[in-house]
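Data first, discussion second: the structure below is written as structure tokens.
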Amino acid sequence: MIEFRNVSKSYTTGQEAVHNASFNIEKGEFAFLVGSSGSGKSTLIKLILKEEEPTSGNIIINGKDITFLKPSRIPYLRRSMGIVFQDFRLLPDKTVYDNVAFAMHVVRATPKHIRRQVPMVLAQVGLGDKAKVYPNELSGGEQQRVALARAIVNNPSMLIADEPTGNLDPNTAWDIMGILNDINLRGTTVVVATHAKEIVDQMKKRVIRIDKGNIVRDEKGGYDSEV
Amino acid sequence: MKYNSFGYLIGEGFRSVAKQKKMTSASIIIMCATMFIFGAFYLIGENVNFIMGQVESQQGMRVILSDDTTDDEITSLKTKISQIDGVNQVTFYSKEDNLASIKEQLSEYLEILDTYDEDNPFPDAYFVTLTDLNLNDSVQEQILKLDGVEEIVASDDTISSLSSVAHGIQMGTLGLLIILIIISVFIISYTIKLTVYARRKEISIMKYVGATNGFIRGPFIVEGIIIGVISAVITLGIIGLAYNSVINMMLSSVVIQRINITLYSFSDIFARLLIVYVLLGIGIGITGSIISMRKYLKV
Ligand SMILES: Nc1ncnc2c1ncn2[C@@H]1O[C@H](COP(=O)(O)OP(=O)(O)OP(=O)(O)O)[C@@H](O)[C@H]1O
Ligand SMILES: [Mg+2]
């Protein structure tokens, strides 16, 4: 579903953030992306989102080579992915409900479809009772749930998260990871870049470790290499 | 699932106009000023054209025929003149008609014309009016080439000066229009840039959830159109009042009454001006918003 073939990325500054990366994340898989700060995790995710262009190599998403995707097609690529960030990125002047509905307006869903879908995903992330509340009246964990609801409201085939628990305390982080796991169990492919060692250790999912731009390990197991 | 989210876009556009009250009113005021100046020139131009039309139907040239022309030649000349491009009406005035009209003008001194009845010195003539004063020169040229035409008597000066005034006003209005459009586009795009900047976070989120550039542009284009249309309506009201009072002053002035010319009343040109303004407002609004969005639509 997400395949990298010898992908390298150098920024215009000359900094090589990803070097010759190859991996293939299958449909329905749950994969962690780990590595120390500056190792290139976010860059990898930006390459998947087509926010950055690879310097060399090919990226295949859903069986389609997106390396030379026309800019006008990028929105349609992104509709197949839900995206979550460390800093939530909610709109402060919209209620929880409208923040989620917003993502549906953008893809031109009908009002009827929006009214049906939004309460459903809010319930799924455990925010059924907060629909009318504004983001600044929510805890960090609740805000990230809203972001999760927004990410899955259009039923994307994959969910990409860059440090989704980076701003949260350990308990709340667990809640969020639990929801991500639920989403994965419903068939969505999930990729999570994270520093949360304990969670990665306990969830026993596939772990892709990147170090100074190189993929140094790719297997099921814990945060650190035990091989 | 495909659905035309027109209502959503329009709602967002109005929301942003309401939020950016200061900048929106500033750009409406400036748009109004530019539209007012343009409107003033437009109205003057329209009236000059209108007057030109009236003058055209009154103004004409006297085509003097040679004394030795036969009746048949006179008749065929009429057909030939009528066929020339730009000729409106051709009226015949015989020697006798011309003498009679002179007698009428000289009623007090009729004795000097006593002998004229036996030996009429006046020529036969055609009075030719034009459909378009700009064709004056070419019509004269072609008539002079015809056999039996001796000379043409016309008040060239009035005609050519009027048509050059009209031409000048047309060019002036066009030049002014271009300058004003550029200024207005610049102002609107600046206003919308502020909105875009205030909503850059929203725009980046929209991109992450898969909004097309067209969709993201929507509310800003609506905002531009709203500013344009509001300005158009306000200017129309102001210029209507101003025009009516100026026109009333002019029509009651002695000069205008003497030369027997009418001017447009505001209701005559209201519809035309409305269309011009609304198209102008919408066009400027759309262009301004597209310009202001360019930077933010990359990535
Ligand atoms: N836009 C950019 N321009 C230039 N260099 C960049 C840019 N973004 C990232 N880099 C560099 O690329 C390298 C990888 O950065 P990246 O953000 O991918 O790391 P990361 O693994 O996500 O780190 P963190 O865990 O701190 O988020 C770093 O050396 C960084 O300085
Ligand atoms: Mg990062």
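The values are calculated or read from the model by the stated rules, or taken from the named source; none is laboratory data. Please read all numbers here as calculations on a predicted model, not as lab measurements. Here Cβ is always computed from backbone atoms with ideal geometry, including for glycine, and neighbour counts include all displayed protein chains. Remember, those area values only see protein heavy atoms, side chains included, never the ligands or the DNA or RNA. Shrake-Rupley method; radii C 1.70, N 1.55, O 1.52, S 1.80 Å.
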Inset, instruction - Count neighbours as other Cβ atoms within 10 Å of each site's Cβ, and list the GluC sites (Glu not before Pro) in the range A:146-227 that are DSSP loop with at most 16 such neighbours. - result: A:Glu226
Legend entry - Among B:Tyr197, B:Tyr264, B:Tyr126: highest mean-square fluctuation, GNM of chain B, C-alpha pairs under 10 Å: B:Tyr197
Inset, instruction - Return the average number of partner chain Cβ atoms within 10 angstrom of each residue Cβ along peptide A:99-106. - result: 5
Inset, instruction - Please sort B:41-48, A:38-45, B:21-28 by packing, taking for each peptide the average over its residues of neighbouring beta carbons within 10 angstrom, highest first. - result: A:38-45, B:41-48, B:21-28
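Helix-derived [θ] at 222 nm for chain A: sum -39500 (n - 2.57) over DSSP H runs of at least 4, divide by residue count, nearest 500? Each step should come with its number before you reach the end.
Working: 7 runs with 75 residues, N = 227.
Result for chain A: -10000 deg cm²/dmol, rounded to the nearest 500.
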Inset, instruction - Could you work out which residue, out of A:Glu163, A:Glu142, A:Glu51, moves most in a Gaussian network model of chain A, that is, has the largest mean-square fluctuation with Cα springs under 10 Å? - result: A:Glu51
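In peptide A:77-84, what is the residue-averaged number of other protein chain Cβ atoms found within 10 Å of each Cβ? Write out the running numbers ahead of the final one.
Working: counts 1, 5, 4, 1, 3, 3, 5, 1.
Per residue, the number of nearby Cβ atoms from other chains is 3 on average.
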Inset, instruction - Within 10 Å of each Cβ in peptide A:151-161, how many partner chain Cβ atoms are there on average? Round it to a whole number, please. - result: 1
Inset, instruction - Return the whole-Å distance between the Cα centroid of the range A:17-88 and the Cα centroid of the range A:98-175. - result: 22
Inset, instruction - Out of all DSSP beta bridges with both ends in the protein assembly as shown, state the antiparallel percent to the nearest 5. - result: 65
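Rolling a 1.4 Å sphere over the protein heavy atoms, what is the accessible area per residue of chain B, to the nearest Å²?
Numbers: 16140 Å² over 299 residues.
Result: 54 Å² of accessible area for each residue.
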Inset, instruction - Could I have the simple spin-label model distance between B:Glu104 and A:Lys204, label points 7 Å from Cα toward Cβ, reported in nm to one decimal? - result: 11.9
Legend entry - Within the accessible area of the protein assembly as shown (1.4 Å probe), percent carbon and sulfur: 57
Legend entry - Debye equation applied to the C-alpha atoms of the protein assembly as shown, log10 I(q)/I(0) at 0.07, 0.09, 0.13 Å⁻¹: -0.62, -0.79, -1.20
Inset, instruction - Have a look at B:Leu65, B:Leu251, B:Leu113 and tell me which one the Gaussian network model of chain B (Cα, springs below 10 Å) gives the largest fluctuation. - result: B:Leu113
Legend entry - Spatially proximal lysines relative to B:Lys78 (Cα-Cα < 18 Å; intrachain offsets below 8 disregarded): B:Lys95, B:Lys145
Legend entry - Partner lysines for B:Lys21 [C-alpha distance under 25 Å; skip if fewer than 8 residues away on the same chain]: A:Lys94, B:Lys193, B:Lys201, B:Lys295
Legend entry - Spin-label pair B:Glu111/B:Ile238, simplified geometry with 7 Å Cα→Cβ offset, distance in nm: 6.8
Inset, instruction - Round to the nearest 10 and give me the degree value, 0 to 90, for the angle of helix A:111-124's Cα axis relative to the longest principal axis of chain A. - result: 70
Inset, instruction - Could you state how much accessible area is buried at the A-B interface, both sides summed, with a 1.4 Å probe, in Å² to the nearest 100? - result: 2300
Legend entry - Degrees, to the nearest 10: A:96-106 long Cα axis against longest axis of chain A: 60
Inset, instruction - May I ask you to rank B:Glu150, B:Glu104 by accessible area, largest first, using a 1.4 Å probe over the protein chains only? - result: B:Glu104, B:Glu150
Inset, instruction - Kindly express, to the nearest 10 degrees and within the range 0 to 90, the angle between helix B:71-83's C-alpha long axis and the longest C-alpha principal axis of chain B. - result: 10
